[in-house]
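These notes are about the structure you will find just below.
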Amino acid sequence: MKTDVRRRSPTWDRMKFVVLILFLLGVLVSAKVTVPFTTFGQALGDTWNETFGRVLMIALPLEFLRQIHYYVSEKWARYNRFWAQGFFGGMERQAHRRFKPWTRFRLGRYVRILIFLLILGSVVDYFVADVNGPIEAVIQLPRILARNLQQFIMFLFYPLFLIMQFAALFWFLSRGGVDTIMPEEIETRYSDVWGQDHVLELVRENVGFLEKPDEIEAKGGYVPGGILLWGPPGTGKTLIAEATSGEVGLPFVFVDPGAFQAMFMGVGILKVKGLFRKLRKLALRHGGVVVFFDEADALGNRGALAQGGGPPQPTTPLSAGMGCNASAYLSPQSLSIIEGDAPRTSPASGEPEGLPGTWINRVMMMGGGGGGMGTLQALLTEISGLKKPRGITNKARKALGIKPKPPPKYRIFIMMATNLPSVLDQALLRPGRIDRIYKVGFPTKEGRARTFEGYLAKVSHNISDEQIDELAAKTPYYSGAKIKDLVNEALILAQRADRDIIGWDDIWKAKTLKEMGPAEGFEYVEREEFAVAIHESSHAVAAHLLKSHANVDVATIERRGDVGGFVSYISLEDRFVQWKTELEVDIKVSLASLAGERMFFEGDNSMGVGGDLRNATTIESRMIGVWGMGDNIASSAGMPRHALDQPPDPSGEIAKTMASQVERRLQRLYDEVYEMLEQHKAAVFNVAVRLQEKKTISGDEVAEIIGLEAGAITKENPVGFAAVSVEDHRSALGLASQEGAEGNGQPATVSTPEAVGAKTSE
């Protein structure tokens, strides 16, 4: 068959070795021919007497025979099968049958080394006069090198010098960015981390596996390799990592965010390899090591697009335009409506709802981010390759043909922290690399109280436990770093007043200063000052009387930038959603400024109510067009662009259809808040007068002037969500006595739908 013959060789492949041998022989022979003293035949004899010449003369006929063998194999199938399958194939089969693969590998290595030494000996024999034969040349090689050491060093100096220059440059650039802290230098413990107890419990569980790895490995499992801590800035991610290292008594390696950023390609890869070389040494020496990558998003992403974003910062009272800051008194939910961020954030916490793939805004990451594509890939490889054989000893064993030792178990615990988890590469977050992902969010009220207690314990103060609890309730979305800064600012204010003890007034002033910024000292004309005071007083009175689960935090008429004054309030509950009646309360508080100005100025009002009306209209439009809180059921947010055949966006047409309904409902809410303020006109006036006197007053002063508890109007006339309690439903369903029956040891009765229907008909 045609396929049984050897593939035909190109003409040059067939001739190239013959040409090379003839060329070398021609050079050797021509160098010895000196007519008329040395003829061509004598030169051939002299060449045969030399080792190298003899090798070439023997190789020439052997090469001719090899090419003849190939030519016959290309023409004669039976001849080719005999040599390819019978002779050489039989030798291969015998080798596989008699020797294991590892033995064949070692024998092949020894044969290659032997051939190399023979070639080297032949070259040395040719150039050195006092050596006879290749074998003697190999034996005498150390003596020859020592005798010609100076020439040998000069021969190698220039290439080695160039290599050393590059090596030294890259070694110098690959230093820095990594700090090692030994166990005895770490004093931080879990008891120093306040307000993140739920995260500490999860981290402590993983640390338990690090301290006693045999317990899970003996059962067929493995020790988790890494933890990602993500959340807003200042919530204690770095502190948790440091405390983890302090608890387990292991070295703590801190990697700076910009450690892998470099001017030259390849430096970042060298840094990664150097880092993990250090980690392996520390792990073997101390039984484990904790490495912490701060701001891990600096490592970048290998994809062209990476979703980005971060937790929105709590809205400050200085976020509106001219006139009154017409948003500070709104709840976080209403603020998110106005700012258009409702679909992106959790209403309860103001933080991102999930990890990569849930946010709308995106950022382009060119070249894999600041760390570089190669750097990130090197990091991924090192994290997954920790079980590979390492060390010079194993390399020497492999070079000698000895099987390398199994790799040690490196106890390297990786912790990462980031504010932008969505920009991290998905390969980094897969199981086996980063096994656990924990959110370190803003502390709860109890966590904030514990954090305040911890930082206040470090200074002299006279703040009671009740005031600390109140302070924790009035500082939602405060991180640990922000609480620390607040206490420090209060200490500065106390020192400025020549006092060593922090009081409640210092804390309150520090909070106002940090959240609102310093006032400009702007002086109003008398009539305008009274108008601004009435405006803010109307907001404050309406918020105090209508919001039963919130307290007015501060009211001010001091000018800050384009903001003439504002009223802010603090929610006393962490809520997930808001109801129609609660949103209507926010609208009433927005419209209170218009009602108050018209009430005190005989139907006249200022331009400062523009922001309030915009907020009220925005919330009401969303209520009607999106959340089914009006006459409409269809949501405008779900309509496709071509629904009304009005390209490219039908929102204008939808606004026209809702305009009359929005106006009608806003008018009703305006009338209600106007009537309420008219009943408490004296309170509005008194709060305004106090604002003129002090410029800034607290929520406690507002409550003292009004003389009623927070949410008094809403509590007197509860409607909707606020009016219906769980007990009302129990009573309606016949379940009111269930708990009592269970407490008496009697079986509880469960009402069926038929029974409920009978009760309802009765």
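No lab work stands behind these numbers, since they all come straight from the coordinates. Fair warning: this is a prediction, and the values are worked out from it, not measured in the lab. A quick note on method: Cβ atoms are made from the backbone with ideal geometry, for glycine too, and the neighbour counts reach across all protein chains shown.
Inter-label distance, Ile68 to Asp4: 2.4 nm, where each label sits 7 Å from its Cα along the C-beta direction. Separation of region 49-79 and region 9-35, taken as the distance between their Cα centroids, equals 14 angstrom. Working from label points 7 Å from Cα in the Cα-to-Cβ sense, the Trp504 to Leu141 distance is 9.0 nm. Quick check on my link table: of Lys281/Lys439; Lys212/Lys445; Lys445/Lys509; Lys219/Lys405; Lys100/Lys395, which ones sit more than 29 Å apart, alpha carbon to alpha carbon? Lys281/Lys439; Lys212/Lys445, as the Cα separations exceed 29 Å there. Remark: spin-label model distance Tyr222-Arg14 equals 5.6 nm, labels positioned 7 Å along the Cα→Cβ axis. Residue separation of Arg430 and Asp256 scaled by 0.36 nm, minus their Cα-Cα distance, works out to 60.4 nm of gained length. Under 13 Å of direct C-alpha separation, and excluding same-chain neighbours fewer than eight residues apart, Lys482 reaches these aspartates and glutamates: Glu515.
Using a Debye calculation, one point per C-alpha and no hydration shell, please list log10 I(q)/I(0) for region 670-713 at q = 0.14, 0.21 Å⁻¹ in order. Once normalised to I(0) and log-transformed, intensities are -0.35, -0.73. Could you work out how much longer the chain between Gln150 and Thr696 gets when fully extended? Use 0.36 nm per residue separation minus the Cα distance between them, nm to one decimal. Gain on extension, Gln150 to Thr696, equals 187.8 nm. The packing ranking of peptides 409-418, 102-111, highest mean first, is 409-418, 102-111, where packing means the average number of other beta carbon atoms within 10 angstrom of each residue.
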